[in-house]
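Everything on this sheet refers to the single structure shown next.
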Amino acid sequence: MSQQTISLKLTQEEVDSLKDILTKNGWKEENINNEYVALRMKNDNGSVCTLYTSMKVVFQGREDFQELIKLVKDSTDNEGKRKVPVEIIPHLGVDEVGKGDYFGPLVVVACFVNDKFLRDIELLGVGDSKKISDNRIRGIYEEIKDYPYYYVSIVNPKEYNRQIKELKNVSILLAKQHSKVIEMGLEDLAEKGIECKEVVIDQFSSRKSRVINELGSLGKKIKFIQFHRGESDIAVACASVIARAIFLQELDKMNEEYYFTFPKGASNVIEAGREFVKKNGVGELENVAKTSFKTTKKVIQDSF
């Protein structure tokens, strides 16, 4: 990306939020001897943010600053006052990543959120992971990866393929994985004496009974909520971001293991699939791809 320079005028409340938001997102303050500069910060990408005493802020660097600017602008309400986080019911949110990706694992995460955690993450801009760039996902995860109350299940491609052959239904596989991380979370929280009042999931099946039927003993005792666009719930959104970050890490490991660049998604993978099969053989595809996808037939046909 070419050099970007973006400037905008801030309100006093936005100025008050700026340093906290940048710090939460990995920026570091730099000393500068200039009477007209109130704050100067820099990140690891070499980008620079300069806040002037006139309340004008300037972002410079080779990256897209729109998500960061949105965080600054969203930190205040319609009247320009700094937002105060609303209180929430302590609960687990569950989401999965990788379901629609041909290459790489399925990652399912349950994340527990209470008021304290909400206050800690309010400036990170956590939301639906599908709408956040991979670089931002990685950055957010760096800030929250040490949080002790999220629970992960990684189903690598070989295991995913085995389970699909056995279960013959991806919704059942997803239901079992959701139940698994829910039980992991509820058991851990109960052992630590932490109250969890409900579980929220992003509904993935038209049959709500899918997950309910798979819930374990703890899951059956708690209030269970599922609805489409579940990422509007903060705990589901956190689970989504964490799952996406872990999926990206697992894809990085595959890239290193095979000296190959595996594309994300399912629409532009045919050429990569052909190339992989030519280099490693059709049998190895089971270890890197979800071979139940119709894509596999075309990859194999076009490889010989």
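Readers should treat all values here as calculations from the given coordinates under stated rules, not as data from a laboratory. Remember, it's a predicted structure, so these values are computed and weren't measured experimentally. Glycine also receives a Cβ, built like all others from the backbone with ideal geometry; neighbour counts cover every protein chain displayed.
At-a-glance table
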| quantity | calculated |
| --- | --- |
| Nearest-ten-degree value, helix 234-258 long axis tilted from longest Cα axis of the chain | 70 degrees |
| Highest average packing first - 286-294, 265-273, 100-108, Cβ atoms within 10 Å | 100-108, 286-294, 265-273 |
| Angle in degrees between helix 170-191 and the longest Cα principal axis of the chain, rounded to the nearest 10 | 60 degrees |
| Ranking of Ile246, Ile172 by count of other Cβ atoms within 10 Å, fewest first | Ile172, Ile246 |
| Percent of C-alpha pairs per 10 Å bin, segment 129-258, short to long | 11, 37, 39, 12, 0 |
| Convex hull volume per residue for segment 4-74, taking Cα atoms only, in Å³ | 80 Å³ |
| The chain: calculated mean residue ellipticity at 222 nm from DSSP helix runs of at least 4, using -39500 (n - 2.57) | -12500 deg cm²/dmol |
| Of (1) 22.3; (2) 19.5; (3) 21.4, the label for Kirkwood radius over Cα pairs in Å derived from the coordinates | (3) |
| Those GluC sites (Glu not before Pro) in segment 10-46 that DSSP places in a loop and that have at most 14 other beta carbons within 10 Å | Glu30, Glu35 |
| Principal-axis tilt of helix 157-167 within the chain, Cα atoms, nearest 10 degrees | 50 degrees |
